[in-house]
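Here is the structure we will look at.
What follows is calculated from the coordinates using simple rules that are stated; it is not laboratory data. As the structure is a computational prediction, the values presented were derived from the model and not from experiment. Please note: Cβ atoms are built from the backbone with ideal geometry, for glycine as well, and neighbour counts cover all protein chains shown.
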Amino acid sequence: MKIRGAITAIVTPFKDGQFDESAYRDLIEWQIKEGIHGLVPCGTTGEASTLDYEEHYRVIEVAVKTVNKRVPVIAGTGSNSTEETIEITQKAKELGADAALIVTPYYNKPTQEGLYRHYKQVAETVDIPIVLYNVPGRTSVNMLPSTVARLAEIKNIVAIKEATGDMKQVSEIIRLCGDKITVISGDDFTTLTLLALGGRGVISVSANVTPRLVAEMCDAWESGDIKKARELHYRLEPLNQAMFIETNPVPAKTALAMIGKIKEEVRLPLCEMSKANKEKLEQVLKAYI
């Protein structure tokens, strides 16, 4: 399994408060048809924090069965409890996920040693490829490059989704780890820069709406067509910005509703976009549909 290219942090569609399995399957089929390189169910964009256990597992199961090994499925399994993370990760493995995306424990604010022990225990307990997920803006803790380097020595810790937006930190991770770990962007606006530093792709929010363009940008870079990759980067930038005009995944879900892919529905404490921001998003979206 290669973790590379454009990997969609796919939304979880809801209909009347319930997981909309039919819309989800259709969304996955469309993503694959558009050339996406992988999917992440139950990440931040998938509103994992509002899913109960049964829903969480069902979302992973539907993703795995629908994808049917055509692209890697990297299931979000992280929690702020190590034991809970192990439980969810084990279940994701049983359901057939190719890898697990595990966020740094939020709210607890562990030390760097605590982070190391958390991931080490999960990796030693569940034999599945693990993608670390560093997103201080969501968790209030930043996993430092030195900690990533320690974790990169563990055989089934294979990649990191780096969502600090800090290219100095990305550069230091790659310098310290070399080819021991694959570095993936966690922010669409940093993808091209991260690729230039030696990263391998992006776990993307924008790819929910424009999977083909994000995939083409990553493919262009990988094939050495820097000019095309740069052109696609600038073409995608207005959408990258619009996807965070309000809290993710509200703009992504709203955009997908606008193009008829899903219902415009999120779970509290998230709510619908303001009218003004919705109009701005609609204007941006016109350039892509």
Practice problem: Just add up the charged neighbours of D52: K/R +1, D/E -1, any other residue whose Cβ is under 12 Å from the Cβ of D52. | Solution: -1
Quiz item: Based on the inverse mean of 1/r over its pairs of different Cα atoms, what is the Kirkwood hydrodynamic radius of region 49-146, in Å?
Solution: 13.7 Å
Exercise. Take each of the peptides 272-281, 65-74, average the number of other beta-carbon atoms within 10 Å over its residues, and list them starting from the highest.
Key: 65-74, 272-281
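Give the peptides 146-153, 172-179 in descending order of average Cβ contacts within 10 Å, highest first.
In descending order of packing, they fall as 146-153, 172-179.
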Quiz item: region 205-231 to region 242-270: how many Å between their Cα centroids?
Solution: 23 Å
Exercise. Just report the Cα centroid separation between region 1-71 and region 118-143, whole Å.
Key: 20 Å
Quiz item: Any idea what the relative contact order of the chain is, in percent, if you count C-alpha pairs under 8 Å spaced at least 6 apart?
Solution: 18 percent
Quiz prompt | Space enclosed by the convex hull of the alpha-carbon atoms of region 203-289, per residue, Å³ | solution = 85 Å³
Quiz item: Considering only DSSP beta bridges whose two residues both sit in the chain, what percent are antiparallel, to the nearest 5?
Solution: 5 percent
Quiz item: Want the number for K120 to A196: 0.36 nm per residue separation, take away the alpha-carbon distance, what's left?
Solution: 24.4 nm
Quiz item: Want the number for D179 to I226: 0.36 nm per residue separation, take away the alpha-carbon distance, what's left?
Solution: 14.7 nm
Quiz prompt | For semi-axes √(5λ) of the Cα gyration tensor in Å, calculated from these coordinates, the label among (1) 35, 22, 20; (2) 27, 23, 18; (3) 30, 23, 19 | solution = (2)
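Which order do the peptides 120-126, 188-194 come out in when sorted by mean C-beta neighbours inside 10 angstrom, highest first?
Ranking, from highest mean packing down: 188-194, 120-126.
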Self-check item: Highest-MSF residue in the chain out of L239, L39, L268 [GNM, Cα springs under 10 Å]
Solution: L268
Quiz item: Given a cut-off of under 8 Å on Cα pairs at least six residues apart, what relative contact order in percent is computed for region 122-190?
Solution: 35 percent
Practice problem: Could you state the orientation-averaged shadow area of the convex hull built on the Cα atoms of region 174-220, in nm² to one decimal? | Solution: 3.2 nm²
Quiz item: Lys/Arg Cβ at +1, Asp/Glu Cβ at -1, dipole of the chain taken about the Cα centre: which of A220, I259, A48 is farthest positive-ward?
Solution: A220
Quiz item: What fraction, in whole percent, of alpha-carbon pairs in region 100-233 exceed 25 Å separation?
Solution: 25 percent
Quiz item: Between F244 and Y107, what length in nm is gained on full extension when 0.36 nm per residue of separation is reduced by their alpha carbon distance?
Solution: 47.1 nm
Exercise. Return the distance in nm (one decimal) between the two label points of a simple spin-label model at K168 and N156, each offset 7 Å from Cα along Cα→Cβ.
Key: 3.6 nm
